[in-house]
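Novice: Here's a structure for you.
The values are calculated or read from the model by the stated rules, or taken from the named source; none is laboratory data. Because the structure is a prediction, the values reported are computed rather than measured. For neighbour counting, all protein chains shown are included, and Cβ atoms are generated from backbone atoms with ideal geometry for every residue, glycine included. Ligands, DNA and RNA are excluded from the accessible area calculation, which covers all protein heavy atoms including side chains. Shrake-Rupley method; radii C 1.70, N 1.55, O 1.52, S 1.80 Å.
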Amino acid sequence: MSHPSKQKGDKAEREAAAILAEHTGLPIRRKLGAGRTDDEGDIEGLDGWTIEVKNYRDIATGVRRGMADCTAEQANAGTTHGVAMVRLPGGRFAMVQTIEQWAATWRETL
């Protein structure tokens, strides 16, 4: 049996994937093998994107770790876009980007 905090994180990743699939209409799912040194994010199915999911009681910790992990994993994956999905109280998720990630997304929309 895995550690309760890993179970909590795995559940959040599955929920995040389901939410993204629902809102995009794409076959999005949770990646397996997270935590490796060459980790490339938690979610697959959005080409060109690295998505990191965080579920911490302390939102500031989730944001800080989500942005740091997403940046590193985006470099591993070589993707143009990156975003951290951070769970908020009540179960909703917020999408959080560094200024560099946001600017890359903005440039692509022009």
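Novice: Scan region 72-90 residue by residue and report those that are in contact (Cβ under 8 Å) with a residue 24 or more places away in the chain and either farther than 18 Å from Glu44 by Cβ or touching a helix residue (DSSP H, G or I) at 6+ places or on another chain (Cβ under 7 Å) (or both).
Specialist: Thr80, His81, Gly82, Val83, Ala84, Met85, Val86, Arg87, Leu88, Pro89 - these are the residues of region 72-90 that are in contact (Cβ under 8 Å) with a residue 24 or more places away in the chain and either farther than 18 Å from Glu44 by Cβ or touching a helix residue (DSSP H, G or I) at 6+ places or on another chain (Cβ under 7 Å) (or both).
Novice: If Val86 satisfies all but one of (1) β-branched (Val, Ile, Thr); (2) under 13 Å from Ala12 (Cβ atoms); (3) open to solvent by 60 Å² or more (accessible area, probe 1.4 Å), what's the number of the condition it fails?
Specialist: Of (1) β-branched (Val, Ile, Thr); (2) under 13 Å from Ala12 (Cβ atoms); (3) open to solvent by 60 Å² or more (accessible area, probe 1.4 Å), only one is false for Val86: (3).
Novice: Let me ask you something else. Within region 90-110, count every residue that is open to solvent by 20 Å² or more (accessible area, probe 1.4 Å) and either among the hydrophobic types (A, V, I, L, M, F, W, C) or closer than 21 Å to Ala17 by Cβ (or both).
Specialist: 14
Novice: Based on what the data block shows, is Ala75 of a type in the set (Gly, Ala, Ser) and open to solvent by 50 Å² or more (accessible area, probe 1.4 Å)?
Specialist: Values: of a type in the set (Gly, Ala, Ser): yes; open to solvent by 50 Å² or more (accessible area, probe 1.4 Å): yes.
Yes: the conditions hold for Ala75.
Novice: Could I ask something else about it? Here's a check for you: in region 37-66, which residue that is over 16 Å from Glu13 (Cα atoms) and not β-branched (Val, Ile, Thr) is least open to solvent (accessible area, probe 1.4 Å)?
Specialist: Gly48
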